Structures are given as structure tokens and as C-alpha cells.
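No value in this document is a laboratory result; all are computed from the given coordinates. Because the structure is a prediction, the values reported are computed rather than measured. Note that we place each Cβ from the backbone using ideal geometry, even for glycine, and neighbour counts take in every protein chain shown.
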Amino acid sequence: MMSTLIQAYSRVPSSLLIRKTLNAMALWALWKRMVLFSIAFQFMEADIVAVVGPQCSMIAHTISHIANELQVPLLSFGATDPALSTLQFPFFIRTTQSDLFQMQAVAEIVSYYQWKEVIAIFVDYEYGQNGVSALGDKLAERRCKISFKAALPPEPNRSDVTDLLIKVALMESRVLVLHANPTVSLIVFSVANYLQMMSNGYVWIATDSLTALLDSRAPLSAQIMESMQGVIALRQHTADSKKKSELVARWSGLVKNQTGDNFHINSYGFYAYDTVWILARALDAFFNDGGIVSFSNDSRLRDIQEGNLNLQAMSVFDGGKLLLDKIRQTNMSGVIGSIQFDSNGYLIHPAYDIINVVGTGFRTVGYWSNYSGLSIVPPETLYSKPPNRSSVNQQLHSVIWPGETITKPRGWVFPNNGKELRIGVPNRASYQEFVSEEPHTGTIKGYCIDVFVAAVNLLPYPVPHRFIPFGNGHQNPSYTELVNKIITNEFDGVVGDIAIVTNRTRIVDFTQPYIESGLVVVAPVKKQHSSPWAFLRPFSIEMWCVTGLFFLFVGVVVWILEHRNNDEFRGPPRKQLVTIFWFSFSTLFFAHRENTVSTLGRAVLIIWLFVVLIIQSSYTASLTSILTVQQLSSPIKGIDTLIASDEPIGFQVGSFAENYLTEELNIPRSRLKALGSPSEYAHALELGPSNGGVAAVVDERPYVEDFLSTQCGYTIVGSEFTKSGWGFAFPRDSPLAIDMSTAILALSENGDLQKIHDKWLTRGACSSTTDELDSNRLNLSSFWGLFLICGLACFIALLVYLVQMVRQFSRHSVGEEISSSSERGSTRSGRSLHRFLSFVDDKEEDVKNRSRTRQLQMSAGNGSELES
């Protein structure tokens, strides 16, 4: 690389270069490089071990090639070009911050204020180009972008700047990032102030070259300060310390005694001071580690004999790699704070002050660091805490913007270049209530157009626009192709009945939906004739079965609870079985004659009668509806029925329904039939699948409601199986989409959106008969709560009854055993299930009588024994 450069520069005479057909900018850059390269070679003829400098990135690019070849560490405190990397130039050591981090700070400021586009103004050579390229990359990480790169010639005059800023003023973005040297920056702000580009609505963000000028030459003249009011600028952060204060004091005294000039030290001066100390410490470590200053000749340089360069005088530093390692291992505390290099050769903890130019000076509104992002406290106070870059913790103080306002500028306007927004609209052949073009006048009108115009009228700024029809008007256009026109920059937006679906949201931004939509199924219906078994229709089969079982179950529970106490529930087995059935089903009409005497029985009966009341009332209401209201039926019950069948399905031409049915629901495309108008809908549905028609039509709800307002023989079956809406489409990250969404919400809140809907989409006479088909049957799912309550009540009552019986049986068994032993002296008989069931089956009054009789007999027996 080194040899190639030397040969190229030595062989090309300057007179030949001038004769080449190069543009002025390339010629200036080439000439500059030749001069710098020549000076660098003359400087490097002496045996040197390190170079401190240069301040210019362009010179650093040139000298880095020589430093690499001669293995001489090059320490630069002013070369911030991010293209200067240790991968390309291993012996280049950047002892200041790279513009890579400065552009990251700018990008985070832009993102913090929610701006999406910026215009970059820069000087068109490597320093400016590479800095702006890094800015573009950092903005892209935050879904922002540079909308225009405004390049100035390397040494621009006022006329060059004026021409460029006039072009910038005609563009949309009002966020301007200036990346130029101090001299050019002053010209830019002077011209911008003259062109009234430092007024309300503009945002200016300048890189650290401006703050270097403000720090070193403050106070500047009132005229210069007036031209940059409200500017945000970055400055390399240096922590406050005793070392820093002492250096500032010594510098001020030195400058005052030597020159009497008012020249202050700036952030680059602090880095330059520490650079010298970095090299001094590295040299000390170099010698302590046994390093020797020695040089050797490079055979590749001796072989090059062309030109006037004294190449034989240059030698390679043998200890260059060792010295480079010592520099990389630096760990010291300097004026700028802690100094260390990371694995990529950058200083650790890059940070910047964010200042706001106000009045005759400036104020700090915050800080940026690679560790914690934007904050209002110095970065060094956050290094001891865990990093937290959440949006909540990103903060800046209020800024006084150009125009002396504290209100955050919107950051964009409609370009003042005479251009109107090109709004594409579908030129529909059907459903022209939504959007259509007048055939004679070319006027675009419809529901969607009125909503758009009303929303635009609510915006706080004018939106010049013109509608451009898309389609031939004889067939509905493809809405996917229409939206894709935004990507190809044929349209600036699309207005119409545009469904917000996933595939479209990946390429454009939509506004807030202004009408709800979703796919529904439309099918033909016919009147359902009465049937002798119509009385069974109110309940589903499951409901009938569960209800019947519960009637029997409750009857059995009540019989168990009443059997011992109530004579009406006693008698021969056949009679008791009849009683159970009679009592159970007579509760349906509240006609049961048997009285309940037990507390548990009455509790169960009350709960069951409540359940019966609810079931009876629901049955009566459903049956009344079935017998008195005209019933419509359709073999298609919803989208599931349609998927399971093999019958053809209709869809609207241009609708997203086609792709949804094939890609999401896996319906073969061969089953789909494109229909272009409501009359085609009706004709295809009337023919049916057996005669070349369709079984049903799948379309969006607004179209279907409009269709059903005039077609009485069809209805929506099933429920809406997708949820979406219609919105207006704009390019990705368009600020207009956000403002239009706010306007649509305002229309909804003040009632204007509903008024526009009523104006265009009022239903006709058939609307009352186009309610969705739904089954009138009552399902078990509607009553399982009641059955659960009743079942739990029965279970608890049986459990309590069982506990009572066990206790009574235990007392009864003890008495019988005592009686048996006193009378016959026989052994105790075992307790058995048969005895327990017999005890439960006995009437409670009989059991009590036997117990009293047994007690009397025992008392009499005990008296006879005493007499004897």
C-alpha cells in the first residue's frame, strides 16, 4: 500500500493533473493530499519514535499510511473521522472521541424528540462524508433517516452556502444537522439567519467544532451570537476536577502574559494535554521494559528511485510495536478524567455535553454518554450504577429553540416547492358510495374522501394535495398494487377503503382506522316452515338430556330426605317409584301435591324450583320466538362450515379476502370465484354451487352491509372471523400519518365521523331483515351454572342426612345390644349394612317407639331383680 501510494504521487506531475477533466472538488482534494503527503515525507526523514497530531482528519489519513509503514505510533487528539480505525491503521491511536459516538449522540437526540427525518449539511471531503455516513447508520438503528445530504464544497463562499440553504428551505424536514469546521459553520449560520431559517419551526444541531469555537473565543460578537440563537451543539465532555481547574488557570495566565489575546482552552486542548502525558508514560514504560530506540532500513523504500523524495533517509522504528502496546495499555487519570483504551482502540466512556446557544452565551441542557444515554446529570456520576437506557430515564432540560420558543418544533413541514401531495385513490367499479370518480367532471367523491378532507381540515397546517385515480373504472383495482405505489414513490399517500392488514403494515404506515371492518360470510336464506316437532327446538339435545336427568335426580334426593318422616313418600316399592317420577316432573308446572316436612328436603326443593322457573321461562320465550317470528335458515352456518365443504366461494375483485382465504385458511384457489359488483353477488348466490354459482360470498363487513340493504334474500351467517379496519396509507415513518390519526380521533369524538357515515351509508328498507343468522336453540352452556348450584345443594343435603343417619344408627345399635344382653345374655351381633339400611328405611316415629318400649322393659327388669 505504501509503495503504491509513493509511486502514484511521484509519477504524476502537477501540470498533468490540472489538465485532467476532474471536477473542482476532486481536484482540490487530490492537490491537498499531494501537498500533505510531500510535507509528511519531509518530516519523517528524521528518526522519530512517535508523532503527536495532526489536528485534521484528512492529514491523519495521509500520515497514517506512512506511520504504518515506518511502525511509528501516531497519536491524534483532533482526528475524529470515524473511518480512521485501528483495523486499517494499527499504529494510529485516537486520543480523542470518534465522531462515531458523536453521531450516535445526535441520533439519540433526534429520537428523543421523536423526529424521523433530518437534513445533513456538511463539507464534502472525507471528514464530512464519513461523519454523515456514520450519522445515517445511527439514525437507521432508530428508524430515522437522513432525507437529504446537503454537501458544501471544501472551501465554500457565501454564495455557495446561500444556494444550498435555499434548496434546503424548500424541503420537508426542518431538523438540520451541521457537521463542518468552525469557519464554515459561522458562514452557514449567518446565511441561515439572513434567509430566516433561524426562526420558529427550525431545529439546528451542530457538532463539536462549533462548541470548540465558542469555548476558545467567547464571548463572540453580538452579530455572530444573534445568528445562532436556539442552536443545540455537542461538546466533548470533560469531568470537572482539580487538575482541569489548574490547567485552565495556567493556560489563561500563559496566554495573557505571552500574547495578551483572549484565547481560552477548549475540550480539544484538554485532550491534547493528556495526549502528551499518554506518550510520556508510554515511553517511560517502554524503557522500563527494556525497549531500545533503533531503526532499520526498509528494502521496499530503497527500491523506489522515482521522483524527488529522499526515501533512503527514512527508517523503520524497530521498537514501534512495543511502544504501541504500552500506549494501548495506558491506565491513568488525566485532565479529561479516566483514560483507558478498549479493544477497538477507542477511549472508554465516550460522553458529550449538550448545550443550547442562548443570548450572549450558552447553557448545558444535558449530557450524553455511551453508558447511560441522555441524562441531566454528569455521566461520571452514573458509571458506578448499573446502566439504564430505558426511555423513562432518557431526560434533557428544556431547550430554547430558534424563534425563542420552548415548544418542541414539529420538525417538518410540507415542502415549500410548489408540489402537492399525490394521493392515490381506487377508481372503483362497484360500491361507489365509498369512493368513486365522476365520469364527466373527474371529481373524486365518496365516504372515504369526505373523511379524509374532514381530517385534513382539522390539521394545524395546510396540506396541498391532489387525488389521482388508480384503475380503469370498469373493474375494481388491486389494492395491493395501489399500496405498493407508495413504495415506488408514485404516490405520497393512498386514500380510500384500504383495509389495514399485516402484509401492508410491513411496507407503509396507516392512520387510525376510521371505520371497523372484518371478513364475514354472506349466504342465501330461506323461510323455515313450521314442524310438528317445533316444540323440541328451543333446547339442544344436550340440554334436554341434562334437564331430564336432573328432574329424576332431584326426585330421588327429595325421596331420600323425606322417606323416614313423610308418609306421602312411603308405601310399597311400586308406589314409591311412581311417587318419585310424579313428584319430579310435576315440579315443572309447580303442581306437586306432596308436602315436604324435613328441613333438608325443603332447602333442596326451593333451589330446584328456582332452576325450574329459569328453565321454564327461557323455554317459553324461545318457543314463542320460533312460532311467531319468521325463521330463516341456511345450510352454511359460518366460515367453518364453508371450509369443510367443497363448494365454490365468491370474493370481491381486488379485495385482500382472496389471499386471506388461500394463505391463512388454506382454501384451494380453484374454489374461489371473483365477483365484481353487488349484482354479480346476487346472481352467483341465486344460481348456487350446483348451477355455476357460489355457496357463499366472503367480503368485508361495510360492503356486505351495503349489499344487504337492498338484497333481502341473503344474510350474514356465523360471526365476523377477522377484525380490522380501514385507514389511510402513507410512507413509513411519515409524520402525517400520526397527525391524521389524531384528526380522525377528533372527528370520532365530536360526532362528525358518524354524520359522514350516515350521509353515505344509510341502510335501506331491507336492513331490518338482514340480521345475522343464529341458532335459536338454548344450549347447556347457558345453564350449567344453575345445574351446578342445584347439584351442589343436593350433594350437601345428602351428606348432612347421611351424617345424621349414622349418628342415630349408632345410638340405636348401642341400645339394642344392651337390651339383648340383659334379656338373653347372648353375644353381641355384628353391625351390618343390612341393619343400617333397614334402620334408614324404617319410619322415624316407629324407631322412636321401639326405643321407648325397650327402655321401659329394661326398667321393669331391673326392678324385679331388686325385689328378689
Over the residues of segment 385-500, compute the C-alpha Rg and express it relative to 2.2 N^0.38 Å.
-> 1.52
FRET efficiency for residue 158 and residue 662, Cβ-Cβ distance as r, R0 = 51 Å, nearest 0.05?
-> 0.20
Extension gain (nm, one decimal) between residue 622 and residue 280, 0.36 nm per residue minus Cα-Cα = 113.4 nm
Only Cα pairs under 8 Å and at least 6 apart count here; give the relative contact order of segment 428-518 as a rounded whole percent.
-> 27 percent
Amide H neighbours of residue 318 under 5 Å, at least 5 residues apart or on other chains, H built in the peptide plane: list them.
-> 294, 295, 296
Apply 1/(1 + (r/R0)^6) to the Cβ-Cβ distance of residue 795 and residue 466, taking R0 = 60 Å, and write down the FRET efficiency to the nearest 0.05.
-> 0.20
Please work out how much length the chain gains when fully extended from residue 733 to residue 544, using 0.36 nm per residue of separation minus the C-alpha to C-alpha distance, in nm with one decimal.
-> 62.2 nm
Would you mind classifying segment 483-523 by shape? Square roots of the alpha carbon gyration tensor eigenvalues, ordered a ≥ b ≥ c; an a/c under 1.5 is rounded, otherwise it is prolate if a/b is larger than b/c and oblate if not.
-> prolate
Using 0.36 nm per residue of separation minus the Cα-Cα distance, give me the extension gain between residue 507 and residue 384 in nm, one decimal.
-> 40.0 nm
If the limit is 26 Å between Cα atoms, which of 445/485; 116/167; 145/408; 485/759; 116/419 go over it?
-> 485/759
Using only the Cα atoms of segment 79-123, build the gyration tensor, take square roots of its eigenvalues as a ≥ b ≥ c, and label the shape rounded, prolate or oblate: rounded if a/c is under 1.5, else prolate if a/b is larger than b/c, else oblate.
-> prolate
Determine which residues of segment 372-414 fall in the zone a paramagnetic label at residue 195 would reach in this model, i.e. backbone nitrogen under 18 Å from the point 7 Å along Cα→Cβ.
-> 402-403, 411-414
Do you know the relative contact order of segment 196-244, to the nearest whole percent, from alpha carbon pairs under 8 angstrom that are 6+ apart?
-> 53 percent
Dipole magnitude of segment 672-751, debye to nearest 20 (Cβ charges: Lys/Arg +1, Asp/Glu -1, about Cα centre) = 200 debye
Among rounded, prolate and oblate, which fits segment 169-289 when a ≥ b ≥ c are the square roots of the eigenvalues of its C-alpha gyration tensor, a/c under 1.5 means rounded, and a/b larger than b/c means prolate?
-> prolate
